[in-house]
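Accompanying notes for the structure given below.
The values are calculated or read from the model by the stated rules, or taken from the named source; none is laboratory data. What you see is a predicted model; the values in this text were computed from it and never measured. Ideal geometry is used to build each Cβ from the backbone, glycine not excepted, and the neighbour counts take in all protein chains shown. Only protein heavy atoms, including side chains, enter the accessible area calculation; ligands, DNA and RNA are left aside. Shrake-Rupley method; radii C 1.70, N 1.55, O 1.52, S 1.80 Å.
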Amino acid sequence: MAVLVRVFGDIDMAEEAVQDAFTAAVERWPTTGMPPSPAGWIITTARNRAIDGLRREASREDRHAQAALVHAADEPAEEGAVRDDRLRLIFTCCHPALAPGVRVALTLRLLGGLTTAEIARAFFVPEATMAQRLVRAKGKIRDARIPYRVPNAADLPARVRAVLAVVYLIFNEGYAASSGGRLVREELCAEAIRLGRLLVQLLPDEPEVMGLLALMVLIESRRASRTTSDGDLVLLAEQDRGRWDRDLIAEGQAIVRQCLDRNQPGPYQLQAAINAVHSDAADAPATDWWQILQLYNQLLSIDPSPVVALNRAVAVAEVEGPDAALTLLDGLELDRYHLFHAIRADLLRRVGRNTEAARAYEMAIARAENAAEREFLRRRHQALIRT
């Protein structure tokens, strides 16, 4: 996608060409075998299909098609995906001319490997609403002729926040897939961390860029222990910490220390610091929940979102008790978020309000789209009603 948008300057055209190329691959590769460079084959085939379509349009005096054809003719054929092309497309989609939420959603759709339905769930909106937003955003990029490039240094600050949000949401979808049978989509985690490393190279003096990379590698360090051999979910408190990746932990903690030295705290740096505290504990009882709560207090002051407040309530439960945390949940508007109901269910269980806890588990199960999470919640629900 990124290579073809650079070649043709049109997102819709690139999407259609890529789809055509994959259709051709499905038809041919079972017979001819896998080509030496599958990515190169897809890109070259898609480029040729798009050029054929442009020639047909150009013959009908379509000026846009003629211009795109001239531009494409000057581009060399690509033999593989180019990293910088992906970064350029991210910055294109995160142009200030687009609404902030749309910038993130469009990039997730084009480069994050997420479906429109998955993105809609991340933004808590109906799928049809998100589909309309994506169509309008692509049209605006085309009509406003938004340039396909990494912006100049002076233009970067206006886009960095959206770019970081995109990369983090790609990582989140990989680490805890919003739907499907697998809890983890390793390829999305790897892509998000790769993009994070590229951004640190591009913007080495931006502490929030460093904070995001630290956050991702610290969370990634626990991935091997998050599921059983059968794919069942394992909570943080129950994970085998001997399976945590110590190299990633050391990298993440080193970056957190660099951020602390700069003393320019931001949301990603604070979340990274919280995960650094978790990685310091030899076992769950040794976790410094008081320090985590102080970090959440600071995070909530600069990012007062309902999800941050929900996560802070978990820390409050460990420091002040589940009753105090339940009081905090009462004011949060997160009814569509399955983890809100799952956390509430666990807190209710801990204070002995089992009937309410069972109902909260049922609400969480009804809203969970991922099979591994749904099965975990079912087990918790069944264990509760048997007591």
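Worth a mention:
- Residue selected from the stretch 172-215 under the condition at pLDDT 90 or above and β-branched (Val, Ile, Thr), by the criterion surrounded by the fewest Cβ atoms within 10 Å (Cβ to Cβ): Val200
- Of all residues in the stretch 28-82, those satisfying the criterion of being of a type in the set (Gly, Ala, Ser), open to solvent by 40 Å² or more (accessible area, probe 1.4 Å) and either modelled with pLDDT under 90 or touching a His at 6+ places or on another chain (Cβ under 9 Å) (or both) are Ala39, Ser59, Ala67, Ala73, Ala77, Ala81.
- Matching residues in the stretch 290-322 - criterion: being among the aromatic types (Phe, Trp, Tyr) and surrounded by fewer than 19 Cβ atoms within 10 Å (Cβ to Cβ): Trp290
- Single unsatisfied condition, Ile302 versus (1) out of contact with any helix residue (DSSP H, G or I) (no Cβ under 9 Å at 6 or more places or on another chain); (2) over 30 Å from Gly242 (Cα atoms): (1)
- Members of the stretch 215-264 found to be touching a Cys at 6+ places or on another chain (Cβ under 8 Å) and within 24 Å of Asn297 (Cβ to Cβ), listed by number: Met216
- Condition met for Ala276 (part of a helix (DSSP H, G or I) and either among the small types (Gly, Ala, Ser) or open to solvent by less than 40 Å² (accessible area, probe 1.4 Å) (or both)): yes
- Residue within the stretch 279-291 that is under 21 Å from the mean Cα position of the chain (by Cα) and farther than 20 Å from His381 by Cα present: no
- Any hit, the stretch 155-168, residues being within 21 Å of His95 (Cα to Cα) and of a type in the set (Phe, Trp, Tyr): yes
- Failed item in (1) open to solvent by 40 Å² or more (accessible area, probe 1.4 Å); (2) at pLDDT 95 or above; (3) under 27 Å from the mean Cα position of the chain (by Cα), with Arg349 passing the rest: (3)
- Residue match in the stretch 320-336 (condition: of a type in the set (A, V, I, L, M, F, W, C) and within 21 Å of Val125 (Cα to Cα)): yes
- Complete set of residues in the stretch 243-273 that are open to solvent by less than 30 Å² (accessible area, probe 1.4 Å) and over 16 Å from Val217 (Cα atoms): Gly266
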